[in-house]
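Engineer: Supplied in structure tokens, the structure appears directly below.
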Amino acid sequence: MNRMLIAAVLALATSAAMADLTVKEPWVRATVPQQTATGAFMQITAPKAARLIEARSPVAGVVQIHEMSMDNNVMRMREVSGIDLPAGKAVELKPGGYHVMLMDLKAPIAEGQAVPLTLVIEHADKKRENVEVKATARALGATGDMPHKH
Ligand SMILES: [Cu+2]
């Protein structure tokens, strides 16, 4: 990842923060040819209790909110109706846990690509807010936080 891209990601994280809610380090797992689904991960902190109820992305035909868990030593994913965001507490969407599932991908996602995501947040008063983030694609198998190598 080059420096300009990192700057762009940081700028986007800042603009998301102005929308009242913080989304840190959004990223998407890059895909290999023929792969039609992938996951998006991030850390969301809501200043007041809220709920992530929906996600959208122009790169995918279907976007769902998933939870991954171990069931008899088998990793399983299931769709959930949303993720609670307790006030002031960072909620992590990460491999092996909650994630935004991007399915029916329209094209492969290359490492370094910025993937636009819209997070639909429902506040306690039932008002909805769309939070736009750009998730950076990381190579298959990559984990951890912002890449420091290169
Ligand atoms: Cu999934």
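Engineer: Does I44 fit the bill of being under 23 Å from E111 (Cα atoms) and among the hydrophobic types (A, V, I, L, M, F, W, C)?
Structural biologist: On the way: under 23 Å from E111 (Cα atoms): yes; among the hydrophobic types (A, V, I, L, M, F, W, C): yes.
Considered against the rule, which asks whether it is under 23 Å from E111 (Cα atoms) and among the hydrophobic types (A, V, I, L, M, F, W, C), I44 comes out as yes.
Engineer: Quick one: D104 ticks every box in (1) within 16 Å of the ligand (Cβ to nearest atom); (2) in a strand (DSSP E or B); (3) at negative phi except a single one, so which number is it?
Structural biologist: Failing condition for D104: (3).
Engineer: For residues that are surrounded by 12 or more Cβ atoms within 10 Å (Cβ to Cβ) and part of a loop (DSSP other than H, G, I, E, B), scanning just segment 32-75, find the one that is nearest to the ligand (Cβ to nearest atom).
Structural biologist: In this case the residue turns out to be A37.
Engineer: From the list R128, R78, which residue is among the charged types (D, E, K, R), within 14 Å of the ligand (Cβ to nearest atom) and either modelled with pLDDT under 95 or more than 15 Å from V23 (Cβ to Cβ) (or both)? Reasoning before the result, please.
Structural biologist: Details: R128 fails: within 14 Å of the ligand (Cβ to nearest atom).
Step by step, each of R128, R78 is checked, and only R78 is among the charged types (D, E, K, R), within 14 Å of the ligand (Cβ to nearest atom) and either modelled with pLDDT under 95 or more than 15 Å from V23 (Cβ to Cβ) (or both).
The values are calculated or read from the model by the stated rules, or taken from the named source; none is laboratory data. None of the values given here were measured: they were computed from a predicted structure. Neighbour counts run over all protein chains shown; Cβ positions are idealised from the backbone, glycine included.
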